[in-house]
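The values are calculated or read from the model by the stated rules, or taken from the named source; none is laboratory data. Values in this document were obtained by computation on a predicted structure and should not be read as measured data. Reconstructed Cβ throughout: ideal geometry from the backbone, glycine too, with neighbour counts over all protein chains shown. Surface accessibility is based on the protein's heavy atoms, side chains included, excluding ligands, DNA and RNA. Shrake-Rupley method; radii C 1.70, N 1.55, O 1.52, S 1.80 Å.
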Amino acid sequence: MKDPLDRLVAHDLRGTMPPSPEGVALVLHGGGEKGFGPMPWWDGPVLRMWPFARAIERRAGDRLAVIRLKNRYFGWNGVEQTPLTDARWALERIRERYAGLPVALIGHSMGGRVATSLAGEPDVTTLVGLAPWVEAGDPRPGRPGLRVLLMHGVDDRTTDPARTIRLGEELRAKGADVTWRPVEGEGHSMLRHAATWHREVAEFVTESLLDGSRPG
C-alpha cells in the first residue's frame, strides 16, 4: 500500500518526508475573506511560504519533516472555514505517517489564523504566526508547554500588529511561552526583509521541535 502522504504529494501536500524525523513542521499559506476559486501551487500566497519551508529544511536536515499544505480554495469562507478543514485533514495525514511526533504550525495571514485555531491539538507544540489574521471570537488555545513565535511587520496595513500583540498576551496568560518579534520597515508581504523572516522562523521552529519535547 502506498504511503498516504506520497499518494497526495501532487494534489495538496508537498515537502520533505524523511523516514525517521524527530518532529514535523506544517506550513500554511494565506488567502482572503471569501473565495471558492482554486489555489494553484504557483499562486502568490502559496509561493510565499516555500522559502520558509526551505529555510527549515536547510537548518534541520533529515531531523524534521517539512510539509506545505495547499488549500482547496482562496478564502476563509465564513462559517465553512474551509482552510481550517483543510489543515485538519493535513494533520490527520501527518499522523498516519508520523504518529506521536511533535508538530509545529507555521502560518502567514489567514494561515496564521488557522494555525492559532489548531494550536490546542494534542500533538501541536509550536505555533508560528506571521502577520496573522486575528479575529475576535476565534479560539485562543494557549497552554503551558506551547511555544509561540509571533512576527508582524510594523508597517502592515492588511492585518493589525496591535491585534497580534493582544493575541500574544492572551496566549501568555494561559501559560504559553510567547516570543513577540516586530519587524521594522516591513509590510504584510514579508518581502522587504525576507531573509530575516526566513532565518528567525527556521531557528525558532528547529530549536523548539528538536530540544527533546514531545506532545503531552
How many Å² of accessible area per residue for region 1-141, probe 1.4 Å? 41 Å²
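So for the chain, considering every pair of alpha-carbon atoms, how many percent are separated by more than 21 Å? Walk me through the numbers before you get to the answer.
Numbers: 11224 of 23220 pairs.
Pairs farther apart than 21 Å: 48 percent.
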Given Cβ charges of +1 for Lys and Arg and -1 for Asp and Glu, the option among A90, S208, H152 whose Cα lies farthest towards the positive end of the dipole of the chain is A90
Per-residue ellipticity at 222 nm attributable to helices in the chain (runs of n ≥ 4 DSSP H, -39500 (n - 2.57) apiece, nearest 500 deg cm²/dmol) works out to -10000 deg cm²/dmol
What residues qualify as long-range amide H neighbours of L64, i.e. H under 5 Å apart, gap of 5 or more or another chain, H built at 1.01 Å from N? E22
When the Kirkwood radius is taken over all Cα pairs of region 1-113, what Stokes-Einstein diffusion coefficient follows at 10 °C and 1.306 mPa s, in µm²/s? 112 µm²/s
Quantify, in whole percent, the carbon and sulfur part of the accessible surface of the chain (1.4 Å probe; protein heavy atoms only). 52 percent
Can you give me the Cα centroid spacing of region 55-85 and region 110-188 in angstrom? 16 Å
Given Q81, A25, G142, which one lies farthest toward the positive end of the charge dipole of the chain, if we put +1 on the Cβ of every Lys and Arg and -1 on the Cβ of every Asp and Glu? A25
Going by amide H atoms built from the backbone, whose H comes under 5 Å of the H on H152, apart from near neighbours? A131, R181, V183
